[in-house]
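Take a look at the structure set out below.
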Amino acid sequence: MKRLNTSELTPGMVTAEDVYTYTNQLLVPKGSVLNDKSITKLEFYSIINVRVEDELSKEFLSEPQMPEDVSYSEKIKKSPEFIAFKAKFDEEVPKFQHMLDSVAQNKKTLNVDELLNFTLNLLKSDSGYLSVFDMLHNMRQYDDMTYVHSINVALMCNVFARWLRMTDEETKMATICGLLHDIGKVAVPEDIIKKPGKLTEGEYTIVKKHTLEGYNALKAQNVPEPIMNAALMHHERCDGSGYPFGIKNSKIDMYAKMVAIVDVYDAMTSARIYRGPMCPFKVVDIFESEGLQKYDTRFIMTFLENIVNTYMLHRVKLNDGRVGDVVFINRSSLANPTIKCGNEFVDLSAEPNLFIEAII
């Protein structure tokens, strides 16, 4: 293990610590294999030095080099980490579905540690923690079925907790709360869950009952209270506009507040029967313009700031057809960063008619 100046970093080095900005945003997690993108990000945020492992990543040394014009998304999909993650994800989803159904129907005793290990296993690789949002963004061919959505929310809650600098135990709790938040949907008829059009008032009433159904199913399993509360309260909102009780800020469980944000983000960035996945920057824009008062200020701002930071230096397509790279995040308008298109810098916060259409 050694500490190097950022100018001395080279692709293939492995970080030996979490690297944060001076405003305490996580830039690069411990165990990450550095590449041109991540090193440039460190330089952009004026990180002076970083602790790295003594040896280069074995995966990086064996990985074939790709042409410079290949998009970041294509590089992710061809990487050994993504291929292994996707294979493991495909293998584990049916197991989780069977486990969740059995617990919801009270046919099996819930083993929280087993579920937690199941989730954390998806996060790990030989080089440490994967970039979860990069991985999931490139797996949006899945629909938003309850089981895949629950795993997504668990993985994102794990990362979210680390953004919040939570303890290991708190991070584990946030992860399991995310995994089990929608267990009550097992009791909702599939034709309602997957209905492509707008729900009738009666159907929406049935869907809303999943919070109480989930709470009761988990209560019967005698799990810790925050897990039950996350299932019960993840549709509550700090301004009192949520359900099932319409309670406000201080009465909503801390973990339920976290799950609420991630639940909405994953649902909106996932494909639906009637639409494709929404661009993450569009979702951030909706949060900024319509939802900030609905969520705990500390949680929502930490989440949004880190989300957009995740896509720093990614290639994007604008609604006028131009393609460029995200080079600067506008803190006063997170959904509208500055994009470098060729030799031109386009500040989207100053261009009301322009927006990011897709990450490519």
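The values are calculated or read from the model by the stated rules, or taken from the named source; none is laboratory data. This is a predicted model, so every value here is computed, not measured. Virtual Cβ from ideal backbone geometry, glycine too; neighbours counted across all protein chains shown.
Examine the stretch 234-247 for a residue that is in contact (Cβ under 8 Å) with a residue 12 or more places away in the chain and in a helix (DSSP H, G or I), and state whether such a residue exists. So far as the stretch 234-247 goes, no, none of its residues is in contact (Cβ under 8 Å) with a residue 12 or more places away in the chain and in a helix (DSSP H, G or I).
For the stretch 291-338, which residues satisfy the criterion of being in a strand (DSSP E or B) and either farther than 19 Å from Met278 by Cα or in the same structural domain as Lys251 (by TED's automatic domain parsing) (or both)? Spell out the reasoning first.
The initial filter retains those residues of the stretch 291-338 that are in a strand (DSSP E or B), namely 315-318, 323-328, 338.
Answer for the stretch 291-338, where residues must be in a strand (DSSP E or B) and either farther than 19 Å from Met278 by Cα or in the same structural domain as Lys251 (by TED's automatic domain parsing) (or both): Val327, Phe328, Thr338.
For the stretch 107-119, the tally of residues that are in contact with a helix residue (DSSP H, G or I) (Cβ under 7 Å, 6 or more places away or on another chain) and either among the aliphatic types (A, V, I, L, M) or in a loop (DSSP other than H, G, I, E, B) (or both) stands at 5.
Please verify whether Ile227 is touching a residue at least 40 places away in the same chain (Cβ under 8 Å), in the same structural domain as Val186 (by TED's automatic domain parsing) and part of a helix (DSSP H, G or I), treating the condition exactly as stated.
Numbers: touching a residue at least 40 places away in the same chain (Cβ under 8 Å): yes; in the same structural domain as Val186 (by TED's automatic domain parsing): yes; part of a helix (DSSP H, G or I): yes.
Criteria met by Ile227.
Checked against the criteria, Met13 does not count as at pLDDT below 85 and hydrophobic (A, V, I, L, M, F, W, C).
In the stretch 207-223, how many residues are more than 19 Å from Asp263 (Cα to Cα) and either touching a helix residue (DSSP H, G or I) at 6+ places or on another chain (Cβ under 7 Å) or part of a helix (DSSP H, G or I) (or both)? Within the stretch 207-223, residues that are more than 19 Å from Asp263 (Cα to Cα) and either touching a helix residue (DSSP H, G or I) at 6+ places or on another chain (Cβ under 7 Å) or part of a helix (DSSP H, G or I) (or both) number 5.
Of note, Val284 does not satisfy the criterion of being within 30 Å of Ile39 (Cα to Cα), buried (at least 21 other Cβ atoms within 10 Å of the Cβ) and in contact with a His (Cβ under 7 Å, 6 or more places away or on another chain). Quick one: in the stretch 316-336, which of the residues that are in contact (Cβ under 8 Å) with a residue 40 or more places away in the chain and crowded, with 18+ Cβ neighbours inside 10 Å is nearest to Lys282 (Cα to Cα)? For the stretch 316-336, the residue satisfying everything is Ala335. The listed residues are Val262, Val283, Val346, and the only one of them that is β-branched (Val, Ile, Thr), in contact (Cβ under 8 Å) with a residue 24 or more places away in the chain and part of a helix (DSSP H, G or I) turns out to be Val262.
Look at the stretch 3-16: where a residue is among the charged types (D, E, K, R) and a partner is modelled with pLDDT of 85 or more and surrounded by 13 or more Cβ atoms within 10 Å (Cβ to Cβ), sitting 6+ places away or on another chain with Cβ atoms under 9 Å, you get Arg3/Ala16; Arg3/Val50; Arg3/Arg51; Arg3/Val52. Of Lys58, Lys2, all but one fail to be at pLDDT 85 or above, more than 30 Å from Gly184 (Cβ to Cβ) and more than 25 Å from the chain's Cα centre (by Cα); the exception is Lys2.
Condition check ((1) assigned to a helix (DSSP H, G or I); (2) surrounded by 20 or more Cβ atoms within 10 Å (Cβ to Cβ); (3) at pLDDT 90 or above) across all residues:
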site	(1), (2), (3)
Asn121	yes, no, no
Leu136	yes, yes, no
Ser150	yes, yes, yes
Leu155	yes, yes, yes
Phe160	yes, yes, yes
Arg165	no, no, yes
Thr171	yes, no, yes
Ile176	yes, yes, yes
Leu179	yes, yes, yes
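Restricting Thr175, Thr171, Thr200, Thr211 to residues that are more than 25 Å from the chain's Cα centre (by Cα) and in the same structural domain as Met254 (by TED's automatic domain parsing) narrows the list to Thr200. Being crowded, with 19+ Cβ neighbours inside 10 Å and not polar (S, T, N, Q) is a description that applies to Val262.
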